[in-house]
Amino acid sequence: MAVLKICGEKFLPGERRVVQVDVGRLYDFTEMNIPVEVIRGTRPGPILFLSGAIHGDEINGVEIIRQVIKRIQIGKLSGTILAVPVVNVFGFNARSRYLPDRRDLNRSFPGNSKGSLASQMARIFMKEVVLKSTHGIDFHTGAIHRYNIPQIRALLENNKTKNMARAFGAPVVLNSSIRDGSLREAAQKKNIPILLFEGGEALRFDDTVIKAGVRGCFNVMESIGMLAKKKKKKKQDVVIAKDSYWVRSTHGGSLSVVRRAGDRVAKDEVLGVVQDLFGRVQIEIRAEEPGIIIGRNRLPLINKGDALFHIATFKASRSSNRKALIDS
């Protein structure tokens, strides 16, 4: 196995330690670093990066990565893990999605050494972590007051990415287009297969989501040859969704939820009811197409146009199974 260098530090096979990637200073000159734990197995294999909190308030990934690396045994690992629980250290410490200049780090890749703080951080992360990897998993949650069931978003036209997505074992895999400036776009352009895991909501740990993320990481590591495959493993039911859409409110008011995240729904099925203060006016919110509710707004006080239910669509023949994938 070749020597791996990160920020000028050399890592040999069988080594495990944390390196601090310098990304700037606060107003009082406190240094801000992205901590990266490098875990090198004793045998050659893929280099997998695990990244959390690119959006600083999306913290389930922090706990997922922490639990994954606690269970890693170097003697059983082929290849290398680059574990980055918190990428956006500025946003994480401020409990904010964004950087101090209000830019979104996940719209700033691949970055520029002379650009904004977000652009410079993106470039550093690409250089020191992503471009030294062969595979990646990036962990996200829903936004503030929005809950997502565990799901994978990936560009399924890429066979390597598709195989990883299936192996992960999340209840839903969404064939998702790539956003300009995202980490996923930058990695794909360098032919690095990458999964985006979504689950839970901002600023909250969710045990069910965390367990799904941890299990998925180990599934992927087994599938790409980093860990020996277990002889007996419970098969995960995975639904491949071809698209998704948001159902928005047609009126302001208070929302009473009828169908929950993880439920399969039919076209025109009632998802919720918007009411006035006295309950005299009741407006039904209905599904436009059959699918699975993969995310929903958890804030009951809503305005006209607010996104309420995120529904993944799939072949109509599967919609007869009414069992919820997961309870929110």
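The values are calculated or read from the model by the stated rules, or taken from the named source; none is laboratory data. Keep in mind that this is a model prediction, so the values were computed, not measured. Counting neighbours? That spans all protein chains shown, and the Cβs are built from the backbone with ideal geometry, glycine included. These area figures cover heavy atoms from the full protein model, side chains too; ligands, DNA and RNA do not enter into them. Shrake-Rupley method; radii C 1.70, N 1.55, O 1.52, S 1.80 Å.
Observations on the structure shown:
- Applying both filters, DSSP loop and at most 16 other Cβ atoms within 10 Å, to the trypsin sites (Lys or Arg not before Pro) of the range 209-273 gives 229, 230, 231, 232, 233, 234, 235, 242, 267.
- Cα-centre dipole for the range 13-130 with unit charges at Cβ (Lys and Arg positive, Asp and Glu negative), debye to 20: 340 debye
- Accessible surface, the range 73-159, averaged per residue in Å² (probe 1.4 Å): 40 Å²
- Surface share of carbon and sulfur [accessible, 1.4 angstrom probe, percent] for the chain: 48 percent
- Positive-end residue of 49, 109, 145, charge dipole of the chain with Cβ unit charges: 49
- In the chain, the longest principal axis of the Cα atoms and the axis of helix 159-168 are about 70 degrees apart.
- The listed residues 27, 245, once ranked by accessible area (1.4 Å probe) with the largest placed first, stand as 27, 245.
- Put a plus charge on the Cβ of each Lys and Arg, a minus charge on the Cβ of each Asp and Glu, and nothing anywhere else: the dipole of the chain about its Cα centre is then about 1340 debye.
- Among beta bridges identified by DSSP and lying wholly in the chain, the antiparallel ones come to about 65 percent.
- Ellipticity estimate at 222 nm from DSSP helix runs (n ≥ 4, -39,500 (n - 2.57)) divided over the chain, nearest 500: -6000 deg cm²/dmol
- Cα centroid separation, the range 206-246 to the range 1-63: 23 Å.
- Overall form of the range 123-216 per C-alpha gyration tensor (a/c, 1.5; a/b vs b/c): prolate
- Nearest 10 degrees, 0 to 90: helix 117-128 Cα axis against the chain principal axis: 50 degrees
- Dipole-positive endmost among 253, 282, 205 within the range 170-316 (Cβ charges, Cα centre): 205
- Spatially proximal lysines relative to residue 132 (Cα-Cα < 19 Å; intrachain offsets below 8 disregarded): 5, 10, 160, 189, 190
- Ranked order, 217, 7 - accessible area, probe 1.4 Å, largest first: 7, 217
- Multiplying the residue separation of residue 180 and residue 157 by 0.36 nm and subtracting their alpha-carbon distance yields 6.5 nm.
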